[in-house]
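Student: Just dropping this structure here.
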Amino acid sequence: MTDPKKSAYRQNTILAHAGLKPEQNQGIVNPPVYHASTVTFPTLEEFETRDKPPYNGPQYGRSGTPTQFAFEEAVTALHGGHKTVAYPSGLAAIAGAMNTFVKNGDHVLVADTVYGPTRGRVSGNILARAGVEVEFYDPLIGAGIKDLVRDNTTVVYMESPGSITFEVQDVSAMTEALKGTGVVTLIDNTWASGYFFKPLAFGVDVVIEAATKYTVGHSDAMLGTVTVATEEHYQAVKGMANSYGYHAAPDDCYLGQRGLRTIGVRLEQHYKNALEVATWLQGRDEVKRVMYPALADDPGYELWKRDFTGASGLMGVELVDAPKAAVAAMLDGYDLFGIGASWGGYESLVLASYPGKLRTARPWTGTGPVVRYHIGLEDPADLIDNLEEGFKRFNAAR
Ligand SMILES: Cc1ncc(COP(=O)(O)O)c(C=O)c1O
């Protein structure tokens, strides 16, 4: 079979075929699930050199099986990258990628709008304990990022759009400005996934995704991926993953790969449903602002339109000023919006979020309560009916 990664096939074709090797698996279409700890070798010499770079095959279950490698190959093909490393969760991928490129005494620049645990756990705990100085920057800084680079800056970390408040970063202006500085650029691309945005084509070095979300797509597995453009970065990322003993479980890699086969049709539907719901929300008196870059009056719209080919199902809503009890009354009574962390599955979700607690470089100026919706694959008319009922509860309690 032609290698889809190296061919001119379009992305839905790539997604349908990448990572498949029926000729190696008795004609069976899907790569089997290998459960493994021990891997045996024919000679002592091969055994004793098994974990020396280059890492290119099964050595021990922890460092990967053909199930994991097939999943990694498919993710790489989606991104047009060089190679991918799978992790046991999105947060593990963030911590693993960050740790690969920093050391004691370094300075790193992290977008102010990143996912909460990237800020609190990875930056505030792991990196701080390792003696790495983290500076949060305004995500809208663009080419101005270069002015923040010091002699000891090793990493610029992006997330676009940002968690909770959905600011879109000018990724190409940033990577262009950072050329020649030696700084490694990382991005959390979970919102768009490689389906709607391909950061490597915009000059980013390392793409991180919580595959738990749209890649798996069914709210039933934890998984992360790190995709890179060069063999040097792959060896560094894989070597660090091996050092930490990260292991992406074979059943979860199988689910990740299965999810990729339908990520295109799912995301196109999430996009359609979310745009319909976001537009409806904009017309409500209870809503101050909908934060969703695919809306023409969103501050990130022009950049989104330039760089992305679609939008996912996740959005933020700032409500009119109201007590928490009114928000709780609204959320508690929804039939179709579960209250829960995560997103990217087929179902709709909601939670209250607090951007004011998470911003320093670009302080949050909103005064109303903020709610995050994940718009799933239900009929949007039913979701809108649910939201309308919710606003009645909200109004009765404020
Ligand atoms: C933007 C973003 N990145 C990373 C993660 C972490 O992924 P995981 O839950 O798989 O650890 C999340 C989880 O919600 C997220 O929203």
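Student: Give me a count of the residues in the range 80-89 that are more than 16 Å from the ligand (Cβ to nearest atom) and buried (at least 24 other Cβ atoms within 10 Å of the Cβ).
Tutor: Final tally of qualifying residues: 1.
Student: May I ask you to list the residues in the range 306-341 that are more than 30 Å from Arg10 (Cβ to Cβ), surrounded by fewer than 17 Cβ atoms within 10 Å (Cβ to Cβ) and within 18 Å of the chain's Cα centre (by Cα)?
Tutor: Gly340, Ala341
Student: Determine, yes or no, whether Ile208 is closer than 30 Å to Gly356 by Cα, buried (at least 24 other Cβ atoms within 10 Å of the Cβ), touching a residue at least 60 places away in the same chain (Cβ under 8 Å) and not polar (S, T, N, Q).
Tutor: Yes; evaluated as a whole, the condition is true for this residue.
Student: Residue by residue through the range 247-273, note down the ones that are charged (D, E, K, R) and touching a strand residue (DSSP E or B) at 6+ places or on another chain (Cβ under 9 Å).
Tutor: Asp252, the sole residue that qualifies.
Student: Kindly list, by first and then second residue, each pair from a residue in the range 136-159 that is assigned to a loop (DSSP other than H, G, I, E, B) to a residue that is modelled with pLDDT under 95, limited to pairs with Cβ atoms under 6 Å and residues at least 6 apart or on different chains.
Tutor: Correct list of pairs: Asp138/Arg362.
Student: Of all the residues that make up the range 101-117, how many are without any contact (Cβ under 8 Å) to a residue 60 or more places away in the chain and within 9 Å of the ligand (Cβ to nearest atom)?
Tutor: Number satisfying all stated conditions: 1.
Student: Using beta carbons and a limit of 8 Å, which pairs, at least six apart or on different chains, have the first residue in the range 43-71 and assigned by TED's automatic domain parsing to the domain that holds Asn30 and on the phi < 0 side of the Ramachandran plot and the second one modelled with pLDDT under 90 and acidic (Asp, Glu)?
Tutor: The qualifying pairs are Gln59/Asp51; Tyr60/Asp51; Ser63/Asp51.
Student: Among Gly120, Gly162, Gly142, which is the only one that is assigned by TED's automatic domain parsing to the domain that holds Gln11, away from the ligand (no atom under 16 Å from the Cβ) and closer than 30 Å to Asp298 by Cβ?
Tutor: Just one listed residue meets the conditions, Gly142.
Student: Quick one: what pairs do we get from the range 84-96, first residue at negative phi, second within 6 Å of the ligand (Cβ to nearest atom) and in a strand (DSSP E or B), C-beta under 6 Å, 6+ apart or different chains?
Tutor: Taking only residues 6 or more apart or on different chains, the pairs are Tyr87/Gly224; Ser89/Gly224; Gly90/Gly224; Ala92/Gly224; Ala93/Gly224.
Student: When Met98 is evaluated against the numbered criteria (1) of a type in the set (A, V, I, L, M, F, W, C); (2) within 16 Å of the ligand (Cβ to nearest atom); (3) surrounded by fewer than 18 Cβ atoms within 10 Å (Cβ to Cβ), which criterion, by number, is the only one it fails?
Tutor: (3)
Student: Here is a list: Thr215, Thr165. Which entry is in contact with a strand residue (DSSP E or B) (Cβ under 7 Å, 6 or more places away or on another chain), among the hydroxyl-bearing types (Ser, Thr, Tyr), crowded, with 24+ Cβ neighbours inside 10 Å and modelled with pLDDT of 95 or more?
Tutor: Exactly one residue qualifies, and that residue is Thr215.
Student: Now for a separate question. Which one of the conditions (1) on the phi > 0 side of the Ramachandran plot; (2) outside any loop (DSSP other than H, G, I, E, B) does Gly131 fail to meet, given that it meets all the rest?
Tutor: Unmet condition: (2).
Student: To continue, here is another question. Taking Ala92 and the conditions (1) surrounded by fewer than 24 Cβ atoms within 10 Å (Cβ to Cβ); (2) more than 27 Å from Thr38 (Cβ to Cβ); (3) within 15 Å of the ligand (Cβ to nearest atom), which numbered condition does it fall short on, given that it satisfies the others?
Tutor: (2)
The values are calculated or read from the model by the stated rules, or taken from the named source; none is laboratory data. Fair warning: this is a prediction, and the values are worked out from it, not measured in the lab. Please note: Cβ atoms are built from the backbone with ideal geometry, for glycine as well, and neighbour counts cover all protein chains shown.
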